[in-house]
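Just below is one structure, and these are the notes that go with it.
Coordinate-derived values only; no laboratory data. Note that the coordinates shown come from a computational prediction; the quantities given were computed from them, not determined experimentally. Counting neighbours? That spans all protein chains shown, and the Cβs are built from the backbone with ideal geometry, glycine included.
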């Protein structure tokens, strides 16, 4: 009887004991009911005292007490039957409960109704595993060692299984333990359902007889046996792994290790005659889940910054898991070398370039799983240790050669970030280690353009991505010499058919020689106009270009004549060599090209080089006709981009461009100039600079070399501009 409560004669007393020892009255319970007297007079009840001789309790009067919150096994309303560790199903009436019954394991209400109001609310928290198969918290009581252990595990956390010291358990580890414990309970329910299986309603025998829910007397197929499908368990574990990926490193490691231990205990229940899918078979699905868990744990050990004792306990915990035969391949997957490992440190410092070390007559090789390699590279990249990343990638070996090759393809970029641009240009065309091909074979057009900009200017993009940077770091190192850059750039184009047939790559290459080697912080190049070299010099370069280009195709160590490609005329010579290479590309790859305008615009203000390019097309009439057709088509589709560019370059550029095309004696090339003039006339509102064009120079083009139709259109163009 609580304080401040009035006694009434018709209600029994509720006596709640804290003693766990067995008693005759309560059979080990904590509730003893003393029945009230039939006489309603409280004075009489004071005279007729009730004495409990065993406990020494004297009751002078009584009333029915309020039933306080209690564990299910102490419920005075519903009888409870004790068992040691029954979890398959509710025993007897153990699943019944009153509004004050609490779960012994969860300390949550068993009933969905609040005891004060009897109404269900959204905030009511109840035991989710009250009668769930494989858990059955309704059977829990305080006289069972098993159920006491389950309660202790909930109160102290599942982290006890990791052998962690109290000082090691922080908020992240505790959070991971809570998530893991909740997952283990949900997984037990799903796995029990898988073990039970399901019996299909309709089946077809191998003998094609009518389906029966018994053993077929023709083919003896066990039609009454259930089908076990692991898909629901697989989905639950996959979702939990995805959730662990989003958690902090310590919490994620605890969750993944616990999930791996639970998966290792799952047994395959399917029969040979049952053809189930990959996610429906334990022997097929569990290795997939374990592989995913192993990769994440490997990354966590590299990137997690765990204290060394904690990492060792995580590894020992995984090694203690009794792996089934179909998971034996994961036995040593967490043997990840720490960052202070002797062989690893010698490689990172540059003291060991082979990744091999002899110790006690045995050869030790730097071999790591691909997930570990990728995590180490990410760590080195994020901390700006680009030289160490290059050394590591050149020395390490792993099981995934394709994935490793993808990481090694960034070696030129890391060299640029470290300021070694000369080494980067070599790494683009030379294979790394035992690879049969170089990084250039797998470059994309945006990557090719980015490398050209880095090597030409000695600058690098801010961040760790090749493309898409808004800011660049200027002057990281000495840029590559023009003769070396043009040699390696052409070799890159020759090594990849995708790059060779890409007009954007050729446009970037031609643009490079007409730009300043000083880059703006925004990554923008400043265009320049190269002075046209003497005609004798042009003829000399063009004469030797075919032989040089052929040598660059077949020889990696080919070199350019230093007397032609160095000195003040070096950039002009490089541009001439690229013009000749672009012409050779058009002769063989024109059917594969869908655009040519970008190549024409890439010359910028170097009209003398553009003129040489167009003159080279004159000797190939079929190629010239197809090229003009493609260019005119480009002009019709890209008028807007062209007008925006003209707005920046101004009337001098447009006038020089028109004069160049219209001065040719070839009608095909004249067509391009006429089409350009038509764009200006049709968009005068967008061309305020049109009235500044040098009309006197355009009038000098009217001559016998100009076709009649082109002559008439040019006259109309000049008349329109004069009327402005």
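Send over the Kirkwood Rh of region 232-293, from the inverse of the averaged 1/r over different Cα pairs, rounded to one decimal Å.
Answer for region 232-293: a Kirkwood hydrodynamic radius of 12.3 Å.
So if I average 1/r over every pair of distinct C-alpha atoms in region 638-724 and take the inverse, what Kirkwood radius in Å does that give?
The answer is 12.9 Å.
Given a Förster distance of 30 angstrom, what is the FRET efficiency for residue 556 paired with residue 471, based on the Cβ-Cβ distance and rounded to 0.05?
Taking R0 as 30 Å, the efficiency between residue 556 and residue 471 is 0.30.
With a 10 Å radius around each residue's Cβ, average the other Cβ atoms per peptide and rank 359-367, 593-601, highest first.
Values: 359-367: 10.4, 593-601: 18.4.
Put in order of decreasing packing, that is 593-601, 359-367.
With the Cα gyration tensor of region 498-597 giving a ≥ b ≥ c as the square roots of its eigenvalues, does the rule (a/c under 1.5 for rounded; else a/b larger than b/c for prolate; else oblate) give rounded, prolate or oblate?
It is oblate, given that a/c is not under 1.5 and a/b is not larger than b/c.
Given a cut-off of under 8 Å on Cα pairs at least six residues apart, what relative contact order in percent is computed for region 341-391?
36 percent
Which of 102, 637 has the fewest other C-beta atoms within 10 Å, and how do the rest follow up to the most?
In order of increasing Cβ crowding within 10 Å: 637, 102.
Any idea what Rg and Dmax come out to for region 403-506 if you just take the C-alpha atoms, in Å?
12.7, 36
At R0 = 25 Å, how high is the FRET efficiency between residue 181 and residue 312 if r is their beta carbon distance? Nearest 0.05 is fine.
Step by step, r from the Cβ atoms, then E = 0.60.
Any chance you could run the full-extension gain for residue 633 through residue 85? It's 0.36 nm times the residue separation minus the Cα-Cα distance, nm to one decimal.
Full extension of this stretch gives 189.1 nm more.
Where a ≥ b ≥ c are the square roots of the eigenvalues of the C-alpha gyration tensor, would you call region 69-154 rounded, which needs a/c under 1.5, or, failing that, prolate if a/b is larger than b/c, or oblate?
prolate
Multiply the residue gap between residue 342 and residue 227 by 0.36 nm, knock off their C-alpha separation, and tell me the result in nm, one decimal place.
Extra length from residue 342 to residue 227 when fully extended: 36.1 nm.
Treating each Cα of region 589-679 as an identical point scatterer and ignoring solvent, apply the Debye formula and state log10 I(q)/I(0) at q = 0.12, 0.17, 0.20, 0.23 Å⁻¹.
The Cα Debye sum returns log10 ratios of -0.34, -0.70, -1.00, -1.37.
How many nm separate the modelled label positions at residue 246 and residue 719, each set 7 Å beyond the Cα in the direction of the Cβ?
Once both label points are built, they end up 7.1 nm from each other.
Subtract the Cα-Cα distance of residue 543 and residue 648 from 0.36 nm times their separation in residues, and report this length gain in nm to one decimal.
Residue separation times 0.36 nm, minus the Cα-Cα distance, leaves 34.2 nm.
Please state the shape class of region 369-437: rounded when a/c is under 1.5, otherwise prolate if a/b exceeds b/c and oblate if not, all from the C-alpha gyration tensor. All intermediate terms of the calculation are to be shown ahead of the outcome.
Numbers: a/c = 2.42, a/b = 1.14, b/c = 2.12.
Oblate is the answer for region 369-437, as a/c is 1.5 or above yet b/c matches or exceeds a/b.
To the nearest 0.05, what FRET efficiency results for residue 359 and residue 326 with a Förster distance of 30 Å applied to their C-beta separation?
Numbers: r = 35 Å, r/R0 = 1.15.
Plugging the Cβ-Cβ distance into 1/(1 + (r/R0)^6) gives 0.30.
What fraction, in whole percent, of alpha-carbon pairs in region 545-649 exceed 20 Å separation?
49 percent
When only Cα pairs under 8 Å and 6 or more residues apart are kept, what is the percent relative contact order across region 638-724?
Worked out over region 638-724, it gives 32 percent.
Based only on other Cβ atoms within 10 Å, what is the fewest-to-most ordering of 506, 592, 689, 513?
With the sparsest Cβ surroundings first, the list reads 592, 689, 506, 513.
Give me the Debye-computed log₁₀ of I(q)/I(0) at q = 0.15, 0.17, 0.29 Å⁻¹ for region 337-398, equal point scatterers on Cα only, no solvent, two decimals.
Here log10 of I(q) over I(0) equals -0.40, -0.52, -1.41.
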